[in-house]
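Encoded as structure tokens, here's the structure I'll be asking about.
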Amino acid sequence: MKSPLLSLPGAVPAEGRDEGVAAHYGDLFREQRALAGGKGLVDLSHRGVVTVTGDDRLSWLHLLLTQHVSDLPAGQATEALILSAHGHIEHALYLVDDGETVWAHVEPGTQEALIAYLESMKFFYRVEVADRTDDFAVVHLPAGSIAEAPEGVVVRETAYGRDLFLPRADLEAYVAQHGPVAGILAYEALRIEQHRPRVGFETDHRTIPHELGWIGSAVHLQKGCYRGQETVARVHNLGKPPRRLVFLHLDGSEVHLPAAGTPVRLAAEGDEGRQLGFVTTSGRHHELGPIALALVKRNVPVDAELMAGDTAAAQETIVEP
């Protein structure tokens, strides 16, 4: 889904999983500072939009998701995961119910697989699942923004800002009125600073929620009856996850950022040391400089100096060992 905002002056297309929107509009740090100050917006129109309607929508989703949603109040935002039978993360849904419909946005290109799974689990429940990506674009307003949502537009409000499910046909007009628009790199740098994981970035085929700090925010421990729940309960009650998410302050003298997948080792062991983890996402922050998230083995000392490839990195604990 290619955004019409790529035609704006200075727009540089993003690559990889965020292809379809702008990486930036010519000034990454200016765009970050605007968002941090509660100004402007972010075009997230490449993300998938899925709706669930019907009288049983909340009770049905409650059986499938890791979050407690059976009594979710209208207008209250939440996030939830869908796990494999072994407890590995497959999907993350950022959702809100408007009183008649559950609206969720998901990682770009994942909506078809998500809908296929949901459709396979409908059975006798009174629900309808729809892909609304062609009709609605997600627009993010940062925390502190005074921009108003158009009448009738569904809003998902969190501590980090508001996500609008805006009719796609209205995207350009809304941005012209409530800009400036910031690119996905500015949004990602703030996400890294806020320690917020993304499926497909901080996850691989064996990631479980405990490793990323998603217990509580996306996984409710007082409910069962969802696929993968046994693994969640077992790790929470009887053990520790094998890996943990960390925040890295990177050496600012390096020109290049370590790419996703870059090995993480102990600085004391140098390039020949054993790999203890890998970088998941990196970015340049307007105040903190180069930063990253990484998954490392649980037993890596929390005060250990690390190397992300050939870049020195000081770690900050996100998930306790």
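The values are calculated or read from the model by the stated rules, or taken from the named source; none is laboratory data. This one's a predicted model, so the numbers in the text were calculated from it and none came from an experiment. Virtual Cβ from ideal backbone geometry, glycine too; neighbours counted across all protein chains shown. With ligands, DNA and RNA removed, areas are computed over all heavy atoms of the protein, side chains included. Shrake-Rupley method; radii C 1.70, N 1.55, O 1.52, S 1.80 Å.
Which cross-chain or sequence-distant (5 or more) residues have an amide H under 5 Å from the amide H of Val154, H modelled 1.01 Å from N in plane?
Distant-sequence amide H within range of Val154: Phe165.
Please compute the alpha carbon radius of gyration of segment 144-285, then divide it by the globular-protein estimate 2.2 N^0.38 Å. Two decimals is fine.
Working: Rg = 19.5 Å, N = 142, 2.2 N^0.38 = 14.5 Å.
Here the answer is 1.35, to two decimals.
Now, a different point. Rounded to whole Å and sorted largest first, list the principal axis extents of the Cα atoms in segment 211-321.
Here the spans come out as 49, 32, 21 Å, largest first.
Whole number in Å², please: accessible area per residue of segment 137-286, 1.4 Å probe, ligands, DNA and RNA not counted.
Numbers: 6800 Å² over 150 residues.
Result: 45 Å² per residue.
For segment 1-96, treating each Cα as an identical point scatterer without solvent, what Debye log10 I(q)/I(0) comes out at q = 0.20 1/Å?
For segment 1-96 at q = 0.20 Å⁻¹, log10 I(q)/I(0) is -1.00.
Hey, got the Cα dimensions of segment 45-179 along the principal axes, in Å, largest first?
Largest first, segment 45-179 extends 45, 28, 27 Å along its Cα principal axes.
Between Arg298 and residues 5 or more places away or on another chain, which pairs have amide H atoms under 5 Å apart, with H built 1.01 Å from N, and which residues are they?
Arg243, Arg244
Pairs on different chains or at least eight residues apart, Cα atoms closer than 30 Å: how many lysine pairs in the chain fit? Kindly include the intermediate steps, with their values, before the conclusion.
Numbers: Lys2/Lys39; Lys122/Lys223; Lys223/Lys240; Lys223/Lys297; Lys240/Lys297.
The number of close lysine pairs in the chain is 5.
Here's a follow-up. Take the alpha-carbon centre of segment 262-282, take the same for segment 164-199, and report the distance between them in whole Å.
32
What is the local net charge at Glu100, summed over the other residues whose Cβ is closer than 12 Å to its Cβ (Lys, Arg +1; Asp, Glu -1)?
Details: positive: Arg57; negative: Asp55, Asp97, Asp98, Glu128.
Once all neighbours under 12 Å are counted, the net charge is -3.
I would also like to ask the following. Return P(r) of segment 73-127 (all Cα-Cα pairs; 10 Å bins starting at 0; whole %; ordered from short to long distances).
All Cα pairs, binned at 10 Å, distribute as 21, 49, 30, 1 percent.
To check you understand DSSP bridge types, tell me what percent of the beta bridges within the chain (both residues inside) are antiparallel, rounded to 5. Walk me through the intermediate numbers first.
Numbers: 66 of 70 bridges.
Around 95 percent of the beta bridges assigned by DSSP in the chain are antiparallel ones.
Now for a different question. If you count, for each residue, the other Cβ atoms within 10 Å and average over each peptide, how do 46-53, 164-171, 119-126 line up from highest to lowest? Mind dumping the intermediate values first?
Values: 46-53: 21.5, 164-171: 19.1, 119-126: 11.0.
Put in order of decreasing packing, that is 46-53, 164-171, 119-126.
Find the all-direction average of the projected area of the Cα convex hull for segment 165-225, expressing the result in square nanometres with one decimal place.
Working: hull surface 27.6 nm².
Mean projected area for segment 165-225: 6.9 nm², to one decimal.
On to the next question. Sorted by packing (mean other beta-carbon atoms within 10 Å per residue), highest first, where do 217-223, 203-209, 233-239 land? Spell out each step's value before the answer.
Numbers: 217-223: 16.4, 203-209: 18.9, 233-239: 11.7.
Averaged packing, sorted descending, gives the order 203-209, 217-223, 233-239.
How much of the accessible area of the chain, probe 1.4 Å, is carbon plus sulfur, in whole percent? Let's see the in-between values first.
Numbers: 7220 of 14300 Å².
Whole-percent figure for carbon plus sulfur exposure: 50.
Here's something else I'd like to know. Can you list residues from other chains, or at least 5 along the same chain, whose modelled amide H is less than 5 Å from the amide H of Ile318?
For Ile318, whose amide H was placed from the backbone, the distant partners under 5 Å are Phe247.
Work out the P(r) tail for the chain: percent of alpha carbon pairs separated by more than 38 Å, whole number.
Details: 7627 of 51360 pairs.
The proportion of pairs with Cα distances above 38 Å equals 15 percent.
For every other residue with a beta carbon closer than 12 angstrom to the beta carbon of Arg33, add +1 if it is Lys or Arg and -1 if Asp or Glu, then tell me the sum.
Numbers: positive: Arg30, Lys39; negative: Asp27, Glu31, Glu287.
So the surrounding residues net to -1.
Where does the charge balance sit around Ser3 when Lys and Arg score +1, Asp and Glu -1, over other residues with C-beta under 15 Å from its C-beta?
Summing Lys/Arg as +1 and Asp/Glu as -1 gives -4.
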